[in-house]
Structure formats: C-alpha cells, structure tokens
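Here the structure comes first, spelled out in structure tokens, and everything after it is commentary.
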Amino acid sequence: MKGVMLGRCLLAFAISCAPAFCGIATLITFDDLGTEVYGNTPIQNGYAGLNWNNFYYVTPGIEFQSSGYYAGMVSAPNVGFNGYRHPASFSSSTPFTLDSAYLMSAFKSNLWVRVTGYNSDGVPIDTERVMLHDNGSTFVQFDWSDLSSVRFSAHEQYFGIDNLMLDMNPTPEPAFTWVGLGILACLAGFNWRRFSMRKAE
C-alpha cells in the first residue's frame, strides 16, 4: 500500500507542477483585428500580449488577389505584413518561444527574409534565412526559446505572416506556487491514509 500511496503522491505532484513548466501556446491569426482593405492600420501594442513594431495587417480582397498576401493566407480574412517594406519585429517583457509561422512574399518570387531572435539583453541567439514566394505561404518551424524579441528583414520588400505560433513561458514565481501545492497534495494524501487506517482499527 505504501508503494501505491507513493505512486499517487508522485502523480499528484507531477499534475500540480505541470503548469509551472509548460508554457501557454498562442496562435496568432490576425483575423480578429477587423477589416483593413488597404493595409493602412498598424498592429497595436498589446495585441496577443506582444509589442509590435512596424507590423501592419491587411484583408487581401480584390485589390490584392494577385499578391502573395492572398495566395499565402492560411486563415481568412487577414495577414500581417511589414510596413513600408522596412524591417518589422515583435517583443515581450517575458520570455517566449517562437514555435512556427507561415511566411509569404507579397509581390516578388524568391525573396529572402532573415528572421533573428534576441534575448532580453538584445543579443541575437537564433537566426535563419528563409526563401519566400508570392504564389503561396512557406511554413517555418523555428522552436526558438527564451526570446525577448524577433526581427524580420526582407531587403526592402514586402512580406506577409500568418498563423504565428508562440509559447509564452511562465515566470518563476508561479512555479514555486504550483510546486508548493503539489507538496501539500502529497501530505494531504498521506494524512488521509493514516486517518483511515486508525479509524479502521
């Protein structure tokens, strides 16, 4: 019975501690930003819990049906893009993981885009060059962790982004709270077992 109780204790501990070590997956589709036919509206800071720099969004309708925005859109009706063909970035005050994204060139085939991830000190820790096309989107699996910001540079060309997947990492303080709850769950289980045995006697 001790082995059973120990197993249950470890299971309760693992379940209690899991939220402390698992991040919160966030899928950013840009589809809840409203309609923007001409792409004149920048993405505001705070959207999806991030700060945005020179990222705009567009609803690629008739005006953009011949563009990579329309051809590469993964989920309708919007895609994000870099304003004025300049580099664009997003950042967070808490560490996060860049899981994946769909990228597309807006008007030029064989467009190279450089993606760079930075830590909280502004030091680049990951970088990748991706070739994009204007007839569809390219899925890029990054799996970059402990990031503070991500920068996209497209050599003064427009590129689009859709269905961006991030993993927002928790801060250390809640981790201790969950660990403490796990320990309390174990102790409660042992005390209940002892109480039940004494009552049976």
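Nothing in this text is a laboratory measurement; each read-out follows from the coordinates by a stated rule. Please read these numbers as outputs of a predicted model, since none were measured by experiment. Cβ atoms come from the backbone with ideal geometry, glycine included; neighbour counts cover every protein chain shown.
Quote the FRET efficiency, to the nearest 0.05, computed for residue 121 versus residue 157 with a Förster distance R0 of 25 Å and r equal to the Cβ-Cβ distance. The formula returns an efficiency of 0.25 here. With each label modelled as a point 7 angstrom along the Cα→C-beta vector, the residue 84-residue 168 pair spans 2.9 nm.
Sorted fewest first by neighbouring Cβ atoms within 10 angstrom, 156, 36, 128 come out as 156, 128, 36. So how far apart, in nm, are the two label points at residue 93 and residue 44 if each is 7 Å from Cα heading toward Cβ? That separation, rounded to one decimal, is 1.8 nm. With the convex hull drawn around the C-alpha atoms of segment 24-169, the volume per residue stands at 90 Å³. Using a simple spin-label model with pseudo-atoms 7 Å out from Cα toward Cβ, residue 145 and residue 110 lie 3.8 nm apart.
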